[in-house]
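No lab work stands behind these numbers, since they all come straight from the coordinates. Owing to the predicted nature of the structure, the values given are computational and were not obtained by experimental measurement. Methodologically, a virtual Cβ is constructed for each residue, glycine included, from the backbone with ideal geometry; neighbour enumeration extends over all protein chains shown.
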Amino acid sequence: MIDEAMKKELESRLKRIKGQVDGIQAMVADERYCIDILTQITAVRRALEKVALKVMGSHMESCVSEAVRSHDGQKKIKELMNTIDHFVR
C-alpha cells in the first residue's frame, strides 16, 4: 500500500518524467542530434527505474511483510520475485 507522502512523491516524479518524454518528442520533431535524444531517453529510463524501485520497496514494506506476518508470505514472495525477474530483463 502506498501512503500519501509516497503517493505525492511518485506523482511528482512521474510528472517530471512526463515532461522529459514530451521534451524527447519535441527533440525528435525538431530532428535534434541522435546522441542528445538517446541521452534523454537514458535519463527517462533511469527515472522510471527509480520510481519502480520506490513502488517495489513500498510493496515489500507493506504487502509482503504483512503477508509474512500472517503466514501467507510464500505467495507474495513468489509474486514479488516474478515481478523483479520481469523488471531486471
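A few comments on the model shown:
Every residue, every condition in (1) more than 19 Å from the chain's Cα centre (by Cα); (2) exposed (fewer than 14 other Cβ atoms within 10 Å of the Cβ); (3) within 25 Å of D3 (Cα to Cα), yes or no:
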site	(1), (2), (3)
K18	no, yes, yes
C34	yes, yes, no
I37	yes, no, no
S58	no, no, yes
Q74	yes, yes, yes
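- Unique residue being in contact (Cβ under 8 Å) with a residue 24 or more places away in the chain, surrounded by 14 or more Cβ atoms within 10 Å (Cβ to Cβ) and among the aliphatic types (A, V, I, L, M) when the list is A43, A47: A47
- All positions within segment 1-37 that are touching a helix residue (DSSP H, G or I) at 6+ places or on another chain (Cβ under 8 Å), of a type outside the set (V, I, T) and within 14 Å of A47 (Cα to Cα): E9, L10, R13, L14, R16, Q20
- Within segment 51-84, the set of residues being in contact with a Lys or Arg (Cβ under 7 Å, 6 or more places away or on another chain) and either free of Cβ contacts under 8 Å to residues at least 40 places away in the same chain or over 19 Å from Q20 (Cβ atoms) (or both) comprises C63, V64, A67.
- Listed here are the helices (runs of 4 or more DSSP H) enclosed by the chain that have at least 1 residues being in contact with a Ser or Thr (Cβ under 8 Å, 6 or more places away or on another chain) and among the hydrophobic types (A, V, I, L, M, F, W, C): 4-29, 34-59.
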